[in-house]
Amino acid sequence: MSNNFSDLVQNSRTDIPCLTPDEVNSAMVAEPNTLVLDIRDKEDLSLTGIIPGSENVSMGTLYFKADHNMPAEFQAECLKDKDRPIITTCTLGMVASVAAKLLNDYGFTNVRILEGGNVAWKEAGYSVEEA
């Protein structure tokens, strides 16, 4: 049970691998179909920029945009394939952990988390694009 946000994040990471920026970069090169899913609200994307090629679905809308039982017009196109490799990210990786758990609970089979989020990505020397 989660009593606070920190507990929620820790509980979300129980069965979902966290990857370093180097591991994420390698995964993107090895499997070009890998989806880097930035789950921040649009107004927060400019805080750190976005990882090139990533898609944005905010956490608030992920609940229905990832739900394959919703009408097609409410679903995110990038989330149509539950077997697609997905790496979630946000500013620091905490909300991305909750998003990864949600996707896992929805039956997505290959979900991982960028440890440290976009901040870690930038600190590792990888490029970002302006939002």
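Here, each number is a calculation from the coordinates, and none is a lab measurement. Please read all numbers here as calculations on a predicted model, not as lab measurements. As a convention, Cβ positions derive from the backbone with ideal geometry for all residues, glycine included, and neighbour counts pool all protein chains shown.
Exactly one of these conditions fails for residue 131: (1) out of contact with any strand residue (DSSP E or B) (no Cβ under 9 Å at 6 or more places or on another chain); (2) surrounded by fewer than 16 Cβ atoms within 10 Å (Cβ to Cβ); (3) farther than 18 Å from residue 28 by Cβ. Give me its number. Only one criterion in (1) out of contact with any strand residue (DSSP E or B) (no Cβ under 9 Å at 6 or more places or on another chain); (2) surrounded by fewer than 16 Cβ atoms within 10 Å (Cβ to Cβ); (3) farther than 18 Å from residue 28 by Cβ is unmet by residue 131, namely (1).
If the condition is being aromatic (Phe, Trp, Tyr) and more than 24 Å from residue 65 (Cβ to Cβ), then segment 98-125 contributes no residue at all.
Residues of segment 59-90 that are in contact with a Gly (Cβ under 6 Å, 6 or more places away or on another chain) and surrounded by fewer than 18 Cβ atoms within 10 Å (Cβ to Cβ): 82 alone. Checked against the criterion of being within 20 Å of residue 131 (Cα to Cα), within 12 Å of the chain's Cα centre (by Cα) and of a type in the set (A, V, I, L, M, F, W, C), the candidates 62, 79, 102 yield just one match: 62. Checking every residue in segment 45-58 against the condition of being over 12 Å from residue 90 (Cα atoms), without any contact (Cβ under 8 Å) to a residue 40 or more places away in the chain and of a type in the set (Ser, Thr, Tyr) gives zero matches. Filtered by the rule that a residue be among the small types (Gly, Ala, Ser) and either in contact with a Pro (Cβ under 8 Å, 6 or more places away or on another chain) or not in a loop (DSSP other than H, G, I, E, B) (or both), segment 1-26 gives 6, 12, 26.
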